[in-house]
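What follows is a set of notes on a single structure, which appears directly below.
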Amino acid sequence: MLNLHRLRLLHAFRLRGTVSAAAAAMGLSPSTVSQQLSQLELEAGAELFHRGGRSLRLTHAGLRLAEHAQAMLDLQDEAMRSLSAGEPELSGVLRLSVFQSVALALAPQALSSMKADHPGLRVEMVQAPPERALFDLAGRRHDLVVAEQYPGVSRPRQPEFDIEELGSDRLWLVVPEQLAGIEPEDLDAYPWVMEPAGTASREWCLQQCRSLGFEPDVRFTTDDLTSHLRLIRAGLAVGLLPQLLLTDQDTAGTALLPLPDAPARTIYTTARRASAETPAAQACRAAIREAFLKASPQT
């Protein structure tokens, strides 16, 4: 008999590639995960791993079992959806991941709405960059993720994800108010603030600057967009920021300059297809959608 918990660990190992990464994702120690995977190998009666020194790799049998593990976990999601569909009141736990501007501008209203309409449902929210949140969604660390898509910067589409677009969010060049009359192509002489390397936002910002004819002097790096705004307001930097964040913050002391073709990022919610139709996921999506419509100006 194969243990579902151990199959979940196998699925996490397949996604993340190392025992330590799988352990971190599951909130366990590496030794515990290693022991559980060894026990799973005994239960399966087949060699699931190639062991070489401190490294561990899946064999062909291990890969096949990992694929079955994902199917079994999807089936568990389906079973839970079937059980909850007949309940008069929503209950249990929904794990939600959002990025910062959604946490600031949308989450308070959406969570308040969920609390009022579904008091028996516990919504646990974490703030995480979409790059990590979508990976953790596949690993079943989250049930619902709010993510963003920058124009021209695409992520691989995963067939097991159900995606529902919320709408577009215009992107602005934000400068200190004393630079309100400057032409965007003349900003090569000024320090820039951007998100960390490897993020979709950073890549998009770099491409925008290069399309204007210069390589930006990225002097400040932080994933906190409110810090971006404060640095710009203090006259220390210029940057590119989304309307959703600017609507929620004090923009006094800054000027918003339009970019060519008025680019916008797309904001969307995504869930695993096997659990996207659960009443809890649908209710949370509806609450986030309503908050987005109220918070988003027509641009």
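A few notes on this one:
- Residues whose placed amide H lies under 5 Å from that of residue 255, excluding near-sequence neighbours: 175, 177
- DSSP beta bridges fully contained in the chain are about 65 percent antiparallel.
- For the pair residue 59 and residue 32 in one chain, pulling the backbone fully straight at 0.36 nm per residue adds 7.6 nm over the alpha carbon distance.
- Ascending count of other beta-carbon atoms within 10 Å, so fewest first, for 5, 228: 5, 228
- Sorted fewest first by neighbouring Cβ atoms within 10 angstrom, 206, 63, 9 come out as 63, 206, 9.
- For the stretch 155-204, the list of GluC sites (Glu not before Pro) that fall in a loop by DSSP and count at most 10 other C-beta atoms within 10 angstrom is empty.
- Computing Rg and the Kirkwood Rh from the Cα coordinates of the chain gives a ratio, Rg/Rh, of 1.05.
- Each stretch of four or more DSSP H residues adds -39500 (n - 2.57); spread over every residue of the chain, this sum gives -13500 deg cm²/dmol at 222 nm.
- Fewest-first sequence of 1, 72 by Cβ atoms within 10 Å of each Cβ: 1, 72
- Degrees, to the nearest 10: 279-295 long Cα axis against longest axis of the chain: 0 degrees
- Loop GluC sites (Glu not before Pro), the stretch 85-140, which have at most 16 other Cβ atoms in a 10 Å radius of their Cβ (DSSP): 89
- Taken over the C-alpha atoms, the stretch 170-261 has Rg and Dmax values of 11.7, 32 angstrom.
- Each residue of the stretch 261-273 was assigned a 3J(HN,Hα) from its phi angle through the Karplus curve 6.51 cos²θ - 1.76 cosθ + 1.60 (θ = phi - 60°); the sequence is 6, 6, x, 9, 8, 9, 10, 8, 9, 9, 9, 5, 4 Hz, with glycine and proline shown as x.
Laboratory data are not the source of any read-out in this text; all were calculated from the coordinates shown. Here the structure is a predicted model, which is why all the values come from computation and not from measurement. Backbone-built Cβ (ideal geometry, glycine too); neighbour counts: all protein chains shown.
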